[in-house]
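Trainee: Can you read through this structure? Questions will come right after.
Bear in mind these aren't lab numbers, they're just calculated from the coordinates by the rules spelled out. Nothing here was measured: the structure is a model prediction, and the numbers come from that model. Glycine gets a Cβ as well: all are built from the backbone with ideal geometry, and neighbour counts include every protein chain shown.
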Amino acid sequence: MMTERILIVEDEFIVAHDLQMILSHAGYKVAGVADSVKNALILLDKKEVDLVLLDIFLKGKQTGIDLARILMERQIPFIYISANSNERVLEAAKSTLPYGFIVKPYREKDVLLSIDIARYRTNHSQNLKISSKLFMEDFIVSISMKPLSWQKKLLLIAGAFQPYIPFDFLGIIGITKDKLRFSEVGISRKQFDEYELLPIDEFLEASGINTADKKSTHSLFPEHIDDAIFMGEAFTDLTDQVPIKNLVAKTYHLKSNLIKSIRLDNGDLITFSFYSRLDTIFKQEHLDLLHALEPTLIGNLAHIIELEKAEVSRQQGIKEPVPTVFNPPHETIFQKIIGRSPAILNLLDQLLIVAPTDTSVLITGESGTGKEMIAQNLHRLSARRNKSMVAVNCAALPADLIESILFGHEKGAFTGASNRRIGKFEEANGGTIFLDEIGEMPFDLQAKLLRVLQEKEIERVGGGTPIAVDLRIIAATNLNLEKEIAKGKFRLDLFFRLNVFPLEVPSLRARKEDIAVLASYFIEKHSKELGKIITGASANFMDQLSRYHWPGNIRELEHVIIRSILLSKKPELHENLLDFNVEKEEKAAFSSTKTIAENERDHILNVLNQCKGRISGPGGAAELLGIPATTLNSKMKKLGLRR
């Protein structure tokens, strides 16, 4: 359905009027025009708005980015429209998760295309929310009716939540309408699909606190906290105020918390407290899902709670074996993806959500992190698994043949085209095409790729008839595409069309706890392939691996293991086989470390050079740095910088 009500937030009258004419001619209804954040909020309070076209720099103290954060809270899609597309502005804009970005000067079709993309992203987001809600409703109802213990039911429901509300620890507290505490349990994620349930007393005992502290820690646990998300300083303040939360956070190395409380029909209050080891994982959409599931939880938790109350009252203390494995309704065995770190587990949770859909996916990450492996698992866990996945490395294609290779050509289309050729997109028809190193695709071909995404059709070189293709596009890059956009090397519209569901593969530095597991896997795999008897590695060997910074990531780690196996004359790998010296590396890194003042001086100097010494005014260094010109002059004097 076409988006009808569009609000224009633009302080240049001519630009605003032009946008209004474009939208009106295309059949859209303009909900109003505002030249500041203040006036935009007045219109938003008075009228229903489906989409906002938003300039970044507006009249008044507040910017379009400030308004964007408010639109995020209200869940109103918006598209940035701005002449300023430098890296700093793009980074700030990216953090607000816009639905598009139009760069001035623009053409009419740029505006209309961006709105089409925004609608596509909005529909995808809504469909994903609906499917998540329906799956969880069906699962909760199904589990509540099964003849299982309350412990097993809770573990299964917790596991079902994981892809939609990622957590490393989940606390569940039950309090009667008479303020009596009847339940306090924690559920800890051990591996991807393995969870352990701990009653509060077992948790306190395992945490090693003394008997005197147990009572005070337990009694200070809050009976109710309003639904909220705590991250960063807010999470630190929360754990400072609540001893039990502080203990949970320290025990499991947690950094953020989402809380949702539900009042059952019998007056019981059930509080779900989701924790994560990642500090920016929880979003408003997670709370929205819990709000939407509240009626289902109210209707189906009562039976589980009564089972638990009965067991508590009998004081039998029966414990079932844990951990308990939860298996979602589709295949969850990931091929050749190894690791237990929060970063990789969160990636796999996201992969499970998007895999069954036909949504385009953009996989980002450094070289050697395993982006192609993620793409293969996306295809294998999709409905297209019985068709082929065609992989194309855009960086390796000859410039003069890339269009023919991708889209095919007709006989006689060019010199040497003696036969018709089927391109990669046609080969992938019915399945998936994986475009690796998408950032290296020539700019003119990016428009043709966009057409495939939008219209699901291609044209062979030398052909005049469109050919329909039914395929899913997965792209990957190790480049920062926002920087490539700022340089004019990558299309904004293509980026936002591909970036509907981004997956960022963490570097090996961000998941160091997985190094030992990966190393053991590679030792076992390659010692068999190379016909050598290698039983393991020394502690010093593993220590050296964990302390190295791994610029080449998993690919480099695998090559280091292969080399070590080939060189080893003993059944155990030792550190003298490694060709890097961690001590020298750390010492060099330490000696090159700069003070805050030195870094600030270098940064200001680079910006001044970029602005050719200009300090104030439009495009001056003060504007780029986001500080007043007087402040910049003061800093320059303090740091010994002269114009």
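Trainee: Could you line up S388, S273 from fewest to most neighbouring Cβ atoms inside 10 Å?
Mentor: The fewest-first ordering by Cβ neighbours comes to S388, S273.
Trainee: Right, next: Got a sec? Charge dipole of the chain, +1 on Cβ for Lys and Arg, -1 for Asp and Glu; which of I56, S276, I6 is way out at the positive end?
Mentor: Of I56, S276, I6, it is I56.
Trainee: How far apart, in nm, are the 7 Å Cα→Cβ label points at E194 and E513?
Mentor: 1.4
Trainee: Return the calculated 222 nm mean residue ellipticity for the chain, to the nearest 500 deg cm²/dmol, obtained by summing -39500 (n - 2.57) across DSSP H runs with n ≥ 4 and dividing by the residue count.
Mentor: Per the formula, -14500 deg cm²/dmol.
Trainee: Across the range 392-401, in residue order, what do the Karplus-derived ³J(HN,Hα) couplings come to in whole Hz, using 6.51 cos²θ - 1.76 cosθ + 1.60 with θ = phi - 60° and x for Gly and Pro?
Mentor: 3J(HN,Hα) across the range 392-401, in whole Hz: 10, 8, 4, 6, 9, 7, x, 4, 7, 10.
Trainee: On to the next question. Can you give the three extents of the C-alpha atoms in the range 509-582 along their principal axes, from longest to shortest, in whole Å?
Mentor: Principal axes ranked by extent give 32, 20, 17 Å for the Cα atoms.
Trainee: State, to one decimal in nm, how far the label point of H559 lies from the label point of H603, with both points 7 Å from Cα in the Cβ direction.
Mentor: Here the answer is 3.4 nm between the modelled labels.
Trainee: Okay, next question. In whole Å, largest first, what are the principal axis extents of the Cα atoms in the range 394-525?
Mentor: Cα spread of the range 394-525 along its principal axes, largest to smallest: 56, 39, 26 Å.
Trainee: If packing is taken as the average number of other Cβ atoms within 10 Å across a peptide's residues, how do 526-535, 279-288 rank, most packed first?
Mentor: Taking the mean over residues of other Cβ atoms within 10 Å, the ranking is 279-288, 526-535.
Trainee: Packing-wise, with mean Cβ within 10 Å as the measure, how do 397-408, 49-60, 31-42, 495-506 rank, highest first?
Mentor: Sorting 397-408, 49-60, 31-42, 495-506 by mean packing, highest first, produces 49-60, 495-506, 31-42, 397-408.
Trainee: How far apart, in nm, are two points set 7 Å out from the Cα along the Cα-to-Cβ line at K532 and at A234?
Mentor: 5.3
Trainee: Follow-up. Find how much the distance from K177 to H17 grows on full extension, using 0.36 nm per residue of separation minus their present alpha carbon separation; answer in nm with one decimal.
Mentor: Extra length available between K177 and H17 comes to 51.7 nm.
Trainee: In the structure displayed, which of K38/K255; K61/K129; K153/K190; K336/K528; K336/K512 lie more than 24 Å apart, Cα to Cα?
Mentor: K38/K255; K61/K129
Trainee: Pop the C-beta distance of I70 and E572 into the FRET formula with R0 = 41 Å and round what comes out to the nearest 0.05.
Mentor: 0.10
Trainee: Ok, one more. So how do 373-385, 163-175 stack up, highest first, on mean other-Cβ count within 10 Å?
Mentor: 163-175, 373-385
Trainee: Right, something else. Scale the Cα Rg of the range 5-126 by the rule-of-thumb value 2.2 N^0.38 Å and send over the ratio, two decimals.
Mentor: For the range 5-126, the normalised Cα radius of gyration comes out at 0.95.
Trainee: Karplus couplings for the range 16-28 from phi (6.51 cos²θ - 1.76 cosθ + 1.60, θ = phi - 60°), rounded to Hz, Gly and Pro as x?
Mentor: Whole-Hz 3J(HN,Hα) from phi for the range 16-28: 4, 5, 4, 4, 4, 5, 4, 5, 5, 5, 8, x, 8.
Trainee: Please list the non-local residues whose amide H lies under 5 Å from the amide H of A391, H modeled 1.01 Å from N, same-chain partners needing a gap of 5 or more.
Mentor: F434
Trainee: Would you report the distance distribution of C-alpha pairs in the chain as whole percents per 10 angstrom bin, up to the bin with the largest distance?
Mentor: 3, 12, 19, 23, 22, 14, 5, 1, 0
Trainee: What's the extension gain from S418 to N633 if we count 0.36 nm per residue and subtract their Cα-Cα distance?
Mentor: Contour length minus the Cα-Cα distance gives 70.6 nm.
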